[in-house]
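The values are calculated or read from the model by the stated rules, or taken from the named source; none is laboratory data. All of these numbers come straight from a predicted model, not from anything done at the bench. Here the Cβ positions follow ideal geometry from the backbone for every residue, glycine too, while neighbour counts run over all protein chains shown.
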Amino acid sequence: MNFRDNHIPKEFYSTLSDKPIENCIKCEKYLLDEDTIYFVEKAIKNNEVEFEYAICAECAEKMKGTMSEESLTNMESYFKKNSNIKQYQEKLLLEDELSINDFIGNCIVTGNDLKSTDEYQLVGVFEGKHIYPDAIPFAISFEATEKINQLLSKQTKDEMDGFIDDFIGIPPDWREVIKTNKPVLI
């Protein structure tokens, strides 16, 4: 069975409700409708979720539009040069029986087993209640996100900080965690 035929993996469920995240953090759009594309990101530290959110594709695209050209180019170049995305794509083509752990068990950049790290992020793209067919869920270590954050321009960091400040319902102690370890999606 192909993992993409399955419903949203539990690893991407809300830790508060133990169900899929239903609304976009930015516009509140309901996400579980059949044709709605959205992203889910979770930051995990010491096996505890530090923050999690879902954002619809439209809001994510608007936010991406606020990033500087320099940041976009730097991030794209970094992922092309350092990620294991080609190996993940080959797995999809060559293997029939895959589980979500085949994709989120190791950092997409370093290749390291996430059991050997205290901090990492999970990122997934979904369409309604299913994994989006053209995207591979992945995990990225804190080490890799630190390197990505160093590639961001001041303009982009300021925009991302504004997004973080606008989160509704994020506890104050999480705000600093998020600002230090910026979300990967945007």
- If you go through segment 149-168 one residue at a time, do you hit one that is surrounded by fewer than 16 Cβ atoms within 10 Å (Cβ to Cβ), farther than 27 Å from L32 by Cα, of a type in the set (D, E, K, R) and modelled with pLDDT of 70 or more? yes
- List, please: which pairs have Cβ atoms under 7 Å, are six or more places apart or on different chains, and start with a residue in segment 133-155 that is over 10 Å from I108 (Cβ atoms) and touching a residue at least 60 places away in the same chain (Cβ under 8 Å) and end with one that is surrounded by 20 or more Cβ atoms within 10 Å (Cβ to Cβ) and among the small types (G, A, S)? L151/S71; L152/S71; S153/S71
- Message: Let me confirm something: among E58, E34, which residue is farther than 23 Å from F142 by Cβ, in a loop (DSSP other than H, G, I, E, B) and over 15 Å from the mean Cα position of the chain (by Cα)?
- Response: E34
- Query: Mind checking whether some residue in segment 64-83 is more than 17 Å from E146 (Cα to Cα), touching a strand residue (DSSP E or B) at 6+ places or on another chain (Cβ under 9 Å) and either of a type in the set (A, V, I, L, M, F, W, C) or assigned to a helix (DSSP H, G or I) (or both)?
  - Reply: no
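Rundown of residues vs (1) at pLDDT below 90; (2) in contact with a Pro (Cβ under 9 Å, 6 or more places away or on another chain); (3) surrounded by fewer than 16 Cβ atoms within 10 Å (Cβ to Cβ), yes/no style:
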site	(1), (2), (3)
I25	no, no, no
L32	no, yes, no
E41	no, yes, no
F51	yes, yes, no
E61	no, no, yes
M67	yes, no, no
Q87	yes, no, yes
- Message: Please count how many residues of segment 102-146 are under 24 Å from S77 (Cβ atoms), touching a Leu at 6+ places or on another chain (Cβ under 8 Å) and in a loop (DSSP other than H, G, I, E, B).
- Response: 2
